[in-house]
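What follows is a set of notes on a single structure, which appears directly below.
Where a number appears in this text, it was derived from the coordinates with a stated rule and is not lab data. Predicted, not measured: the structure shown is a model, and the values here were computed from it. So basically every Cβ, Gly included, is an ideal-geometry build from the backbone, and we count neighbours across all protein chains shown.
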Amino acid sequence: PPTPPSTPRHNHPHLQSLYANASVDMVILPGSDGFFGVLPNHVPTIAELKPGVVQVQETAGGPLAKYFVSGGFASMNKDSVLNVSVLEACPVEDLDNEAVKMGLAQYQAAHAAATDDIAKAEAEIGVEVYSAMAYAIAEGA
């Protein structure tokens, strides 16, 4: 039967899965309490991710693929399946240094000019995300 018009629909045209059903050697995640690594047979875990770099090592001793994420969650189940859910992610090499500098400056100015708690909180989030992007670029993460 057709979906009633009052039922909300969620379209996610940009959903993308990297490493779906793939075995990797290790993943390093930017947890809210600091970076942590996940290896096969890791204890089941749920963690909040802060803005930062997710690093994926496909094979032992191999190079690290690096993705900037704006924050999100990671969950490791008992079968060694890691799910990382984020709203935004991009390869670190795709970050534009000039755009990041401009965005950081805009959010810092917005924070300085904020006259209420909501505007201040929104600007703080922007500063945190753009600062993490600037750090990722500087570190060549």
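Here are the numbers:
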item	result
Difference of contour (0.36 nm per residue) and Cα-Cα distance, I118 to F73	13.8 nm
Helix-only mean residue ellipticity at 222 nm for the chain, each DSSP H run of n ≥ 4 adding -39500 (n - 2.57), per residue, nearest 500	-9500 deg cm²/dmol
Global geometry of the chain, whether rounded, prolate or oblate, following the gyration tensor of its Cα atoms and the 1.5 cut on a/c	oblate
Given the chain, longest segment not containing exposed loop trypsin sites (Lys or Arg not before Pro) (DSSP; at most 14 other Cβ within 10 Å)	10-77
Calculated FRET efficiency for the pair E93/N21, C-beta based, R₀ 25 Å, to 0.05	0.50
Rel. contact order, % - alpha carbon contacts under 8 angstrom, at least six apart, the chain	18
